[in-house]
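Notes to accompany the following structure.
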């Protein structure tokens, strides 16, 4: 296809002009957070850095990092840079011990986010003549609201389907002739298989898909494209609630990595052990600084995602750096059906329910949908061979985990000391997905 841009003057801006714009916005943002966000001021004072020390992006490395723990410690309002009366929305993701990460948005923040997602939709060929079916979850999860706003910005007819109810998804996909599909890759595959099995595939006209919120492979990309047929192309998108949501980076027609929206976000790669900034082409931890966000700015936020950044010229004509698919994480977070799950969340539930933290998480992908099973050792006091009582205890844990994680996890209570130890420590996570 002929390459399309939503904001061509920005997306094809020469590199030196991008860096100049980033420097100007960074200087203003650092002055803003130092004056208005106490945790940032304390961190900068402790590091011996003042706003006047930051002259441009070349000084970014002087600033301290921000982590998810900082956001949890300052929940809910501690990281706000604007009065609450200036904020028009929150979005949220799960926290490691039940405290959620709550991100705030002014109207300008929403407009910026919508623009980022509009760039992603335009990059896959989307126009006002397209019908965009958004099957990401709505509500606190950023997936649905992000692509919904981007579709509106482009002027496309938007189907705000949210997730689930596959029969209805396929009916609308056919009746309204949806052309762009936005959802997790595993759900896209399931939709395609369901369409094939019901014979609906012949009446489906999806030309492009924007898939994110979970890890997926190139093999899975080709499989989705083959199942939908008609030359359909599957594109990757990246984002996280702390930074803004989906649209932080997106794939173009070249599909050689995701372009970071550098007029709004500065990306760095660091050595996760030392914090040293690494050059383009190096594999390391991805760090983002938001330079235009008003309500909830993030300074050098450690994403814990491992990837590579490239500033080589892309055939699509965009000049913004590209990031590879995440290649893993530096922490123990799992992404299950687009939801962040930490072992520490499961430990919290077990301890609250009177169990010890002896458990094992088994993750798999069955019929293109993630599954999570949790094996939990009973304490000697709780151990019983009464199967009815065991079933009741499992149901109680399932309910408590659903409340904490936001997703269903199957629980299996096992006898004490039956979960294998390795050098005295249980192997906590077995991930059988081929990611």
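Scanning the range 117-147 for residues that are farther than 21 Å from residue 232 by Cα and assigned to a helix (DSSP H, G or I) gives 143, 144, 145, 146. Screening the range 92-106 for residues that are closer than 14 Å to residue 297 by Cα and not in a loop (DSSP other than H, G, I, E, B) and picking the one that is modelled with the lowest pLDDT gives 101. Of the listed requirements (1) in contact with a strand residue (DSSP E or B) (Cβ under 7 Å, 6 or more places away or on another chain); (2) buried (at least 17 other Cβ atoms within 10 Å of the Cβ); (3) modelled with pLDDT of 85 or more; (4) under 30 Å from residue 67 (Cα atoms), residue 362 misses just one: (2).
Using the structure shown, decide if residue 367 is in contact (Cβ under 8 Å) with a residue 40 or more places away in the chain and loosely packed, with under 13 Cβ neighbours inside 10 Å. Yes: the conditions hold for residue 367.
When the range 377-435 is examined, which residues are found to be modelled with pLDDT under 90, surrounded by fewer than 11 Cβ atoms within 10 Å (Cβ to Cβ) and under 29 Å from the mean Cα position of the chain (by Cα)? Once the filter is applied, which keeps residues that are modelled with pLDDT under 90, surrounded by fewer than 11 Cβ atoms within 10 Å (Cβ to Cβ) and under 29 Å from the mean Cα position of the chain (by Cα), the range 377-435 yields only 434.
So which strands (runs of 3 or more DSSP E) stay within the range 226-289 end to end and still have 2 or more residues that are assigned by TED's automatic domain parsing to the domain that holds residue 311, in contact with a helix residue (DSSP H, G or I) (Cβ under 6 Å, 6 or more places away or on another chain) and at pLDDT 95 or above?
In the range 226-289, 233-240, 245-251 are the strands (runs of 3 or more DSSP E) which contain 2 or more residues that are assigned by TED's automatic domain parsing to the domain that holds residue 311, in contact with a helix residue (DSSP H, G or I) (Cβ under 6 Å, 6 or more places away or on another chain) and at pLDDT 95 or above.
Please verify whether residue 146 is closer than 30 Å to residue 296 by Cβ and within 16 Å of the chain's Cα centre (by Cα), treating the condition exactly as stated. Yes. Under the condition of being surrounded by fewer than 20 Cβ atoms within 10 Å (Cβ to Cβ) and assigned to a strand (DSSP E or B), the residues counted in the range 300-327 number 4.
The values are calculated or read from the model by the stated rules, or taken from the named source; none is laboratory data. Just so it is clear, the structure is predicted and the values come from calculations on it, not from any experiment. Using ideal geometry, Cβ is built from the backbone for each residue, glycine included, and neighbour counts are taken over all protein chains shown.
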